[in-house]
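Have a look at the structure below, then the notes.
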Amino acid sequence: MVAIGLAGAVLPLVLVGTALDAFDEVSAAHADVSRIHAAQADFQEADMAHDAMRADALALLLPEGVENHGSAVAALQQDVEEYRDFLRQVDAVTLPDAIIAQVRAVRPLQEQYATDALRLSRLTSSDPAGARALLPELTATFTTLTVEQAEVTESMSAEADRRRLTANDAERNVKWRLAGSALAALLGMLGLTWLLHRLGGALAATLARERGVAETLQRSLLPDQLPELAGVRLAARYVPGAVGTEVGGDWYDVIPLPSGEVGLVMGDVVGHDLDAAASMGQLRNALRACAAEGAAPDLVLQRLNRLCLQQDLGSMATVLYAVLDPVLGSLCMANAGHYPPLLVSGPDRRFLESAPCPPIGAVREVHYTSTLHQLPPGSLLVLYTDGLVERRDQPVEEGMQRLQELVQVAADDDRLGDVCDALLAGMLSGRAPEDDVALLTVAPQTLLGSHLDIMLPAEAEQLTVLRRTLERWLTEAGATPEEVYEITVSCSEATTNAIEHAYGPGRADVEVVCDVEDGRVTIVVRDWGQWREARGRDRGRGVHLMQELMDDVQVAHGDRGTRVEMHRRLGGATRHEPQRAPGLHGLQGTPA
Amino acid sequence: MSAAQVQVSTDAGWPVARLTGAVDLSNVEELGLRLERSVSNRAQGLVLDLSAVTYLDSTGLRLIFRLARQLGDRQQRLRLVVPETSRITRVLTLAGVGSVAEIVPDLDQNTYEEDGTL
């Protein structure tokens with residue numbers, strides 16, 4: 001097939017070349033034919049001229065003489081001149097060699113005839129007898145000449161016919177070659193197309209492979225699953241750019257922080273290739289490390305910038321980092337050159353602008369700024385990369401305006417993923433984006449509802465988020481601040497027990513299920529570990545506190561874990577009357 | 001880790017440790033160490049200001065009881081500052097913290113005898 005492709009590419013050129021040669025041949029043959037015809041015509045003219053010469057000569061020699069001798073001589077001389085002109089014209093024509101030879105062979109006789117005719121004409125007046133004596137010789141020459149000239153003319157005709165045949169052959173040849181060349185060209189085009197297709201295919205395969213690697217790398221670095229947080233829902237999407245564009249270094253991340261808050265990341269590494277995807281991975285991990293301890297966003301970005309330059313990651317990236325308090329719906333944000341997130345709350349749609357700061361990795365010693373925003377319950381926050389709003393055929397302002405118009409808040413029972421999909425569909429109009437797109441949406445829930453199910457790792461660090469979630473849930477359920485505190489303490493006690501006593505080292509979970517019905521709160525805390533009695537001094541107060549603070553507490557230890565169920569009716573004091581401050585203050589500390 | 005801090009100053013010869021934020025299992029060990037170090041051998045005792053503590057449960061109670069015991073072993077005393085409106089009051093009361101430490105509603109009322117003794 002490659003051979004056909006190559007032959008197809010080369011053969012038409014060769015054939016057209018030979019066709020052009022053949023065409024030259026045709027032209028040459030045609031030219032020869034017309035020249036021969038011209039020579040033939042001149043020859044025939046000459047033949048006629050020397051007929052006239054002979055007639056004039058004979059007239060001069062008539063015994064009775066001519067009426068006007070002088071004009072008759074002049075006429076003969078003119079005939080001779082014309083005769084010679086025609087012969088000269090024949091000489092001027094380029095003829096085939098064979099014809100030229102024949103023409104030259106007959107030329108002396110022609111000259112002699114002309115000379116004899118002139119001599120005869122001159123003698124007619126001075127020496128009529130001498131003139132008459134020339135007549136037989138002239139006649140003989142004439143006869144010979146007539147025969148020889150006829151032969152030449154005959155040869156010319158034959159040659160012309162031969163040439164015409166050659167021209168016809170050559171013409172057919174040209175036609176065939178042109179047709180062949182067209183056919184070959186067609187085949188060649190097919191072959192070439194195939195060849196290009198194959199080559200293009202190989203190239204495309206290589207690009208696709210690299211693209212595939214980059215995309216796989218990219219996807220592997222994005223979170224598999226976003227954490228489920230009480231009070232806020234998260235959904236994210238990543239859409240690679242259209243085939244023909246390259247995978248970029250877009251990424252998003254959600255980092256659980258020790259405070260129970262979550263770090264939200266939206267970043268875009270400058271560049272669109274495997275390197276960008278790799279840099280993205282490094283930056284992502286660096287940012288995770290910088291953010292892990294729960295530092296303020298501006299400090300996190302500052303550290304990341306320093307790290308990026310120190311470690312010479314060689315990449316530049318726009319990064320938005322925000323710390324979200326899922327319970328309170330507060331968002332502390334710093335922005336390193338990234339597009340501002342969009343906050344939609346009721347009819348209010350605004351981009352959370354912040355002081356312009358250079359991207360990560362661009363400038364040494366940058367001071368980023370954190371700004372605090374409140375995400376009202378029922379609002380929607382949209383973090384995105386440039387692919388969502390940038391299009392080659394429109395200014396980015398239009399894209400941002402379009403985003404502002406298109407985005408719809410999600411109701412609590414809507415799937416946030418659907419909201420993302422709808423937004424992507426609207427922004428991209430159903431076509432693959434020119435650049436890749438990362439999208440992260442954050443929707444603080446309006447209400448936590450009457451049922452709350454929290455699954456958390458059995459780690460002390462999780463207690464904060466548990467308490468804060470409970471505080472919000474209980475407040476929404478109508479609990480007084482005292483009730484909120486006391487129920488929260490009870491729940492924390494049960495959870496702390498599970499963390500401390502149920503498990504050995506390693507990953508384990510605690511589940512807290514909260515329900516409120518008719519003003520009665522039920523909290524069930526369970527673990528799946530093996531209960532072990534408290535060790536050391538000062539233990540056991542937790543259970544006592546729970547019993548004091550709740551209406552009732554049931555603890556069930558089993559092979560498959562421990563289950564603590566507690567109840568508390570809201571809207572009043574606990575069953576046990578509180579022993580308030582009077583009993584506390586004024587007590588003298590007793591040195592132990 | 002829960003956000004809690006210890007700031008130590010000295011007031012009339014008594015070190016005052018001001019605890020802020022939430023005390024729970026995630027930070028109690030570190031807070032305990034810092035509190036223990038804040039009391040020199042010569043001090044009469046320690047004033048632990050809990051005015052700015054937002055959360056405290058049995059884990060925090062354990063810290064207070066242990067601190068009181070350690071101070072007591074060295075003939076030193078523990079005084080707690082707990083405003084009457086504090087949410088943690090009920091927990092302290094239920095646990096009987098008053099039996100191991102004197103509880104005062106604010107730092108201003110924390111009066112000392114002329115010689116710096118309680």
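Points worth noting:
- Among the candidates A:419, A:396, the residue that is buried (at least 20 other Cβ atoms within 10 Å of the Cβ), of a type outside the set (Lys, Arg), under 45 Å from the mean Cα position of the chain (by Cα) and under 29 Å from residue A:321 (Cβ atoms) is uniquely A:419.
- Some residue of segment A:459-473 being under 25 Å from residue A:558 (Cα atoms), touching a helix residue (DSSP H, G or I) at 6+ places or on another chain (Cβ under 7 Å), outside the structural domain of residue A:258 (by TED's automatic domain parsing) and not in a helix (DSSP H, G or I): yes
Conditions tested, residue by residue: (1) more than 11 Å from residue A:121 (Cβ to Cβ); (2) of a type outside the set (A, V, I, L, M).
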position: A:32; (1), (2): yes, yes
position: A:40; (1), (2): yes, yes
position: A:45; (1), (2): yes, yes
position: A:48; (1), (2): yes, no
position: A:57; (1), (2): no, no
position: A:62; (1), (2): yes, no
position: A:74; (1), (2): no, no
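- Being open to solvent by less than 20 Å² (accessible area, probe 1.4 Å), under 14 Å from the mean Cα position of the chain (by Cα) and farther than 24 Å from residue A:500 by Cβ is a property that residue B:60 lacks.
- Considering only residues in segment A:445-466 that are open to solvent by 10 Å² or more (accessible area, probe 1.4 Å) and at the interface with another protein chain (Cβ under 9 Å from one of its Cβ atoms), the one that is farthest from residue A:235 (Cα to Cα) turns out to be A:460.
- Segment A:547-592, subset at pLDDT 90 or above, assigned to a helix (DSSP H, G or I) and open to solvent by less than 70 Å² (accessible area, probe 1.4 Å), residue nearest to the other protein chains (Cβ to nearest Cβ): A:548
- For segment A:368-387, the tally of residues that are at pLDDT 90 or above and open to solvent by 70 Å² or more (accessible area, probe 1.4 Å) stands at 1.
- Qualifying positions in segment B:32-52 - open to solvent by 10 Å² or more (accessible area, probe 1.4 Å) and either under 22 Å from residue A:465 (Cβ atoms) or not aliphatic (A, V, I, L, M) (or both): B:34, B:36, B:37, B:38, B:40, B:41, B:42, B:44, B:51, B:52
- Residue check: residue B:44 meets all listed conditions (1) facing chain A (nearest Cβ under 8 Å); (2) in contact with a Gly (Cβ under 8 Å, 6 or more places away or on another chain); (3) not small (Gly, Ala, Ser) but one, namely (1).
- Residue selected from segment B:96-118 under the condition at pLDDT 90 or above and out of contact with any strand residue (DSSP E or B) (no Cβ under 8 Å at 6 or more places or on another chain), by the criterion surrounded by the fewest Cβ atoms within 10 Å (Cβ to Cβ): B:99
- Qualifying positions in segment A:149-176 - farther than 20 Å from residue A:26 by Cβ, open to solvent by 70 Å² or more (accessible area, probe 1.4 Å) and touching a residue at least 12 places away in the same chain (Cβ under 8 Å): A:151
- Check on residue A:438, among the small types (Gly, Ala, Ser) and closer than 30 Å to residue A:271 by Cβ: yes
- Qualifying residue in segment A:273-280 (condition: closer than 21 Å to residue A:441 by Cα and at pLDDT 90 or above): no
- Residues satisfying the stated conditions in segment B:79-92, i.e. open to solvent by 10 Å² or more (accessible area, probe 1.4 Å), within 7 Å of another protein chain (Cβ to nearest Cβ) and touching a strand residue (DSSP E or B) at 6+ places or on another chain (Cβ under 9 Å): B:79, B:87
- Comparison of A:500, A:471 shows that the only residue that is under 29 Å from residue A:343 (Cβ atoms), surrounded by fewer than 22 Cβ atoms within 10 Å (Cβ to Cβ), out of contact with any strand residue (DSSP E or B) (no Cβ under 6 Å at 6 or more places or on another chain) and within 11 Å of chain B (Cβ to nearest Cβ) is A:471.
- The number of residues in segment A:85-124 that are assigned to a helix (DSSP H, G or I) and surrounded by fewer than 16 Cβ atoms within 10 Å (Cβ to Cβ) comes to 18.
- Applying the set (1) in contact (Cβ under 8 Å) with a residue 12 or more places away in the chain; (2) assigned to a loop (DSSP other than H, G, I, E, B); (3) within 30 Å of the chain's Cα centre (by Cα) to residue A:382 leaves exactly one unmet item: (2).
- Some residue of segment A:350-364 being over 25 Å from residue A:270 (Cβ atoms) and assigned by TED's automatic domain parsing to the domain that holds residue A:408: yes
- Scanning segment A:423-442 for residues that are open to solvent by less than 20 Å² (accessible area, probe 1.4 Å), farther than 17 Å from residue A:340 by Cα and not in a helix (DSSP H, G or I) returns A:433, A:436.
- Test: residue in segment A:197-220 that is surrounded by fewer than 16 Cβ atoms within 10 Å (Cβ to Cβ), basic (Lys, Arg) and at pLDDT 75 or above: yes
- Failed criterion for residue B:52 (all others in (1) away from chain A (no Cβ under 14 Å); (2) under 30 Å from residue A:549 (Cα atoms); (3) under 11 Å from the mean Cα position of the chain (by Cα) hold): (3)
The values are calculated or read from the model by the stated rules, or taken from the named source; none is laboratory data. Note that the structure is predicted; figures quoted are calculated from it, not measured. Methodologically, a virtual Cβ is constructed for each residue, glycine included, from the backbone with ideal geometry; neighbour enumeration extends over all protein chains shown. The protein model used for the area step is the full one, side chains on, heavy atoms only, and it has no ligands, DNA or RNA in it. Shrake-Rupley method; radii C 1.70, N 1.55, O 1.52, S 1.80 Å.
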